[in-house]
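**Q** Quick one: structure below, then a few questions.
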Amino acid sequence: MDKYLIVGLGNPGMEYAQTRHNIGYMVLDAFAEASNIVFDDRRYGYVAETSLRGRKLFLLKPTTFMNLSGNAVRYWLNKENIDESRLLVVVDDLSLPLGALRLKASGSAGTHNGLGHIQQLIGQQYARLRVGIGNDYPRGMQVDYVLGNFDDDEKAILQPSITTSIEIIKSFVLSGVNITMNQFNKRKPQTTKEGNHSPNNPEKDGQ
């Protein structure tokens, strides 16, 4: 049976549960709920297992904290003997408008600490689903922004994107990254929060 590792980046602990930096956790929680599966506290992370048309999926929410996410990713790839071509990392992105989604087959980590540590340990050749959290914050306040909570308006904007993210994960597993990019990257977010502005270069890896 082909195996896939789907990783949602975030920080463990209730104090981080609704923060912008934890959108990867939120997407995997929604996937697990829709699949009627639960996470177990295992080595380096919370792990849930399911299958999709003969393919085995491991959902991983690292408990290493963001800056050491690579430890969890590398461990579970090795433990389950999963090829990096079957790894998908769901991550927040400052350079995309709130709710925008962008799937990439590979690429640099930009300034994102979680992706940066993964890159240190396994390189850049893995897929990542970037979920836009916007960049509506004063200069010098990036850390406070990403560790701040989504408000109710933002959650309402994000909900359709989280649902679409589940579709993207399933398509990645069943159809591969290239077909999935062609299908989903053309879609626009349904709405954006007033004051949230698009970046000059939406393809730049953020934070």
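**Q** For the subset of region 173-190 comprising residues that are touching a Ser or Thr at 6+ places or on another chain (Cβ under 9 Å), open to solvent by 60 Å² or more (accessible area, probe 1.4 Å) and in contact (Cβ under 8 Å) with a residue 24 or more places away in the chain, which member is farthest from Leu52 (Cα to Cα)?
**A** Gln190
**Q** Just for region 120-142: of the residues that are of a type in the set (Val, Ile, Thr) and either within 24 Å of Leu98 (Cα to Cα) or without any contact (Cβ under 8 Å) to a residue 24 or more places away in the chain (or both), which one is surrounded by the fewest Cβ atoms within 10 Å (Cβ to Cβ)?
**A** Within region 120-142, the match that is surrounded by the fewest Cβ atoms within 10 Å (Cβ to Cβ) is Val131.
**Q** Right, something else. If I filter region 85-101 down to residues being within 17 Å of Ile169 (Cα to Cα) and in contact with a Phe, Trp or Tyr (Cβ under 9 Å, 6 or more places away or on another chain), which single residue comes out as surrounded by the fewest Cβ atoms within 10 Å (Cβ to Cβ)?
**A** Ser85
**Q** Which residue pairs have Cβ atoms closer than 9 Å, lie 6 or more positions apart in sequence or on different chains, and pair a first residue in region 154-172 that is within 11 Å of Leu129 (Cβ to Cβ) with a second residue that is open to solvent by 20 Å² or more (accessible area, probe 1.4 Å) and of a type in the set (Lys, Arg)?
**A** Hits for this filter: Thr164/Arg187; Phe172/Arg86.
**Q** Hey, can you tell me all the residues within region 1-11 that are open to solvent by less than 30 Å² (accessible area, probe 1.4 Å) and either part of a strand (DSSP E or B) or within 26 Å of Ser51 (Cβ to Cβ) (or both)?
**A** Once the filter is applied, which keeps residues that are open to solvent by less than 30 Å² (accessible area, probe 1.4 Å) and either part of a strand (DSSP E or B) or within 26 Å of Ser51 (Cβ to Cβ) (or both), region 1-11 yields Tyr4, Leu5, Ile6, Val7, Gly8, Leu9, Gly10.
**Q** Looking at this structure, is Thr111 open to solvent by 60 Å² or more (accessible area, probe 1.4 Å), of a type in the set (Val, Ile, Thr) and either within 17 Å of Phe184 (Cβ to Cβ) or not in a strand (DSSP E or B) (or both)?
**A** Yes; evaluated as a whole, the condition is true for this residue.
**Q** Going residue by residue through region 148-170, is there one that turns out to be part of a loop (DSSP other than H, G, I, E, B) and either farther than 28 Å from Ser35 by Cα or in contact with a Cys (Cβ under 7 Å, 6 or more places away or on another chain) (or both)?
**A** Within region 148-170 (the criterion being part of a loop (DSSP other than H, G, I, E, B) and either farther than 28 Å from Ser35 by Cα or in contact with a Cys (Cβ under 7 Å, 6 or more places away or on another chain) (or both)), the answer is yes, since at least one residue qualifies.
**Q** A further question follows. Which residues, taken from region 12-53, are in contact (Cβ under 8 Å) with a residue 40 or more places away in the chain, farther than 25 Å from Asp83 by Cα and open to solvent by 40 Å² or more (accessible area, probe 1.4 Å)?
**A** Tyr16, Gln18, Ala34, listed by residue number.
**Q** Going through region 12-50 one residue at a time, which ones are of a type in the set (Gly, Ala, Ser), closer than 21 Å to Gly134 by Cα and in a loop (DSSP other than H, G, I, E, B)?
**A** Ala17 - this is the single residue of region 12-50 that is of a type in the set (Gly, Ala, Ser), closer than 21 Å to Gly134 by Cα and in a loop (DSSP other than H, G, I, E, B).
Listed here are the residues, each with its yes/no results for (1) modelled with pLDDT of 95 or more; (2) in contact with a helix residue (DSSP H, G or I) (Cβ under 6 Å, 6 or more places away or on another chain).
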site	(1), (2)
Gln18	no, no
Val27	yes, yes
Arg43	yes, no
Leu59	yes, yes
Gly99	yes, yes
Gly107	no, no
Thr111	no, no
Ala127	yes, yes
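**Q** Whether any residue in region 69-80 is open to solvent by 10 Å² or more (accessible area, probe 1.4 Å), over 25 Å from Gly13 (Cβ atoms) and either assigned to a loop (DSSP other than H, G, I, E, B) or of a type in the set (Lys, Arg) (or both) is what I want to check.
**A** Looking through region 69-80, at least one residue is open to solvent by 10 Å² or more (accessible area, probe 1.4 Å), over 25 Å from Gly13 (Cβ atoms) and either assigned to a loop (DSSP other than H, G, I, E, B) or of a type in the set (Lys, Arg) (or both).
The values are calculated or read from the model by the stated rules, or taken from the named source; none is laboratory data. All of these numbers come straight from a predicted model, not from anything done at the bench. We place every Cβ from the backbone using ideal geometry, glycine too, and count neighbours over all the protein chains shown. Note: accessible area is taken over every heavy atom of the protein model, side chains too, but ligands, DNA and RNA are not part of it. Shrake-Rupley method; radii C 1.70, N 1.55, O 1.52, S 1.80 Å.
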